[in-house]
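Novice: One structure is given below, represented as structure tokens, and several questions about it will come after.
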Amino acid sequence: MKKSFKILIMALTFIGFASGGLVIAHILINGIPNISKGLFAMEYTSENVSIMPALITTFYTIIITLLVTLPLGIFTAIYLSQYAKNKYFIGTVRFATEILSSIPSIVYGLFGYIFFAATLKLGYSLISGSLTVAIMILPTIIRTTEEAILTVNPLQAHASLALGATKIQTIFKIVIPEAIDGILAGIFLSTGRIVGESAGLIYTMGTMAAIPTSLLDSARTLAVHMFVLSSEGFHVKEAYATAVLLLVFVIVLNSVSTWISKALVKK
């Protein structure tokens, strides 16, 4: 029985890796031959279908979204794990975050359009899209940060308090540094979702293929850029090339994130 279960686990693992490998191989085979210099032009045209405006917009979206979500998410997690005493309140918030994290992104996109674009009259803009994605990743930031804080040995906090440190000092000098690895993991996971998001941004940020010069300009991220190229049917080859570059971008982003995480944890 034990041997059969082990074989089953190995088979399922192989299928999982093989499926991912086939997808990546398909993208690389169809995308690498179509990478050209025109894809890296700073200005998008119908001839070069450059990715640079979308790449810069992706960076802008990541920065704005994290600036909004990190203070809200981390401080909410600190309150739930260190200050909140009402079990019903804590349970309600946790249940709400679980529900919000399971809602399809298209629903967030429709909400973002109705509230940010239409009601607040922000229109199809960088800020509308960033705020919408911020709401999408906020539950992930809250849950991962709270779980990371709860894994810290409470004896360390008690020792700090016994030595005369205040609760705030204990949280930011003892608890947060000990939980930083898990907190960063949640942040990097959320960053990956920002990069790969398309449905929620089409309805809020629009599909303008230009570098935004203000928060109210319409733009498109790499994921939206790839979707638009493939859906139009005129630049399918360039869409595959964009998929390759998006894959490379994600790998580089994850590598940098891992390096930063190790450096902070070591420090």
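The values are calculated or read from the model by the stated rules, or taken from the named source; none is laboratory data. Please read all numbers here as calculations on a predicted model, not as lab measurements. A quick note on method: Cβ atoms are made from the backbone with ideal geometry, for glycine too, and the neighbour counts reach across all protein chains shown. Accessible surface is based on the protein model in full, side chains and every heavy atom, while ligands, DNA and RNA are left aside. Shrake-Rupley method; radii C 1.70, N 1.55, O 1.52, S 1.80 Å.
Novice: Quick one: in the stretch 34-54, which of the residues that are free of Cβ contacts under 8 Å to residues at least 60 places away in the same chain and in a helix (DSSP H, G or I) is most open to solvent (accessible area, probe 1.4 Å)?
Specialist: Filtering the stretch 34-54 for residues that are free of Cβ contacts under 8 Å to residues at least 60 places away in the same chain and in a helix (DSSP H, G or I), the one most open to solvent (accessible area, probe 1.4 Å) comes out as K37.
Novice: Tell me which residues, restricted to the stretch 181-209, are over 13 Å from the mean Cα position of the chain (by Cα) and open to solvent by 40 Å² or more (accessible area, probe 1.4 Å).
Specialist: Those that are over 13 Å from the mean Cα position of the chain (by Cα) and open to solvent by 40 Å² or more (accessible area, probe 1.4 Å): D181, I202, Y203, T207, M208.
Novice: Another one. Output the number of residues of the stretch 55-106 satisfying the condition of being assigned to a helix (DSSP H, G or I) and either under 19 Å from A219 (Cβ atoms) or of a type in the set (A, V, I, L, M, F, W, C) (or both).
Specialist: Narrowing the stretch 55-106 to residues assigned to a helix (DSSP H, G or I): 55-83, 87-101, 105-106.
When the remaining residues are screened for being either under 19 Å from A219 (Cβ atoms) or of a type in the set (A, V, I, L, M, F, W, C) (or both), the result is 55-68, 70, 72, 74-75, 77-78, 80, 89-90, 93, 95-96, 99-100, 105-106.
Qualifying residue count for the region: 30.
Novice: Also, quick follow-up: Check whether at least one residue in the stretch 255-265 is modelled with pLDDT under 85, among the aliphatic types (A, V, I, L, M) and under 30 Å from G123 (Cα atoms), and report yes or no.
Specialist: Of the residues in the stretch 255-265, the ones modelled with pLDDT under 85 are 255-265.
Filter again for among the aliphatic types (A, V, I, L, M), leaving 256, 260, 263-265.
Subsequent filtering for residues that are under 30 Å from G123 (Cα atoms) retains none.
Taking every residue of the stretch 255-265 in turn, none turns out to be modelled with pLDDT under 85, among the aliphatic types (A, V, I, L, M) and under 30 Å from G123 (Cα atoms).
Novice: If you take the residues in the stretch 146-166 that are at pLDDT 85 or above and surrounded by fewer than 19 Cβ atoms within 10 Å (Cβ to Cβ), which one is farthest from A77 (Cα to Cα)?
Specialist: In the first step, residues of the stretch 146-166 are kept if they are at pLDDT 85 or above; the result is 146-151.
From the residues that got through so far, the ones that are surrounded by fewer than 19 Cβ atoms within 10 Å (Cβ to Cβ) too are 147, 150-151.
Values: E147: 8, L150: 10, T151: 13 Å.
Of everything passing the filter in the stretch 146-166, T151 is farthest from A77 (Cα to Cα).
Novice: Which residues, taken from the stretch 55-89, are farther than 28 Å from M205 by Cβ and open to solvent by less than 50 Å² (accessible area, probe 1.4 Å)?
Specialist: Keep residues of the stretch 55-89 that are farther than 28 Å from M205 by Cβ, which gives 78-89.
Listed by number, the residues that qualify are I78, L80, S81, Q82, A84.
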